[in-house]
Amino acid sequence: MAQIEQDLNPDVTIGLQLPLKHDNELGFFKRTKTFLEQTKTNIRNLLLTRKGERLSNPEFGCDVHNFIFEQISGDFESKVEEAILEAMTIYLPHVIVENISTAPTSESKDVYVVNLSFSVATDQTMSEELTLEFPAEGY
């Protein structure tokens, strides 16, 4: 079944939504119903995973955590963008990154926000945005 056919079929689910939450309608966990929605979940999983954190695949993840709270220099945004694009090229090559922006939140300087807009290679007409927060504590 082609991706578009799967997306249009209300009886087909693609994968699990992260974070895992209970869903009475579709089964035990909430599921994604479209390829773009599943891709968003996959990106979140990839970028929030540190390299070395996954037991059977220590190279899986993104290096954003390594420098997100170091002193910000002139090339800080390019380092963040490079780390994200490197991870995406390896693990999610079907994703087309359209824009990446980074900034501390206005409420707290202890939380850094990365905004990412993307589409998938099979349907570039639909874009999606993802906002990730990186808190200082625990990183």
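Filter the stretch 59-91 for residues that are surrounded by fewer than 18 Cβ atoms within 10 Å (Cβ to Cβ), of a type outside the set (Asp, Glu) and at pLDDT 90 or above and give the result. Correct list: 85, 89, 90. In this structure, residue 43 does satisfy being aliphatic (A, V, I, L, M), open to solvent by less than 20 Å² (accessible area, probe 1.4 Å) and closer than 19 Å to residue 15 by Cα.
Any residue at all in the stretch 33-55 that is in a strand (DSSP E or B), touching a helix residue (DSSP H, G or I) at 6+ places or on another chain (Cβ under 9 Å) and of a type in the set (Ser, Thr, Tyr)?
no
The values are calculated or read from the model by the stated rules, or taken from the named source; none is laboratory data. Since this is a predicted model, take the numbers as computed values, not measurements. Reconstructed Cβ throughout: ideal geometry from the backbone, glycine too, with neighbour counts over all protein chains shown. Areas reflect the complete protein model, heavy atoms only, side chains present, ligands, DNA and RNA absent. Shrake-Rupley method; radii C 1.70, N 1.55, O 1.52, S 1.80 Å.
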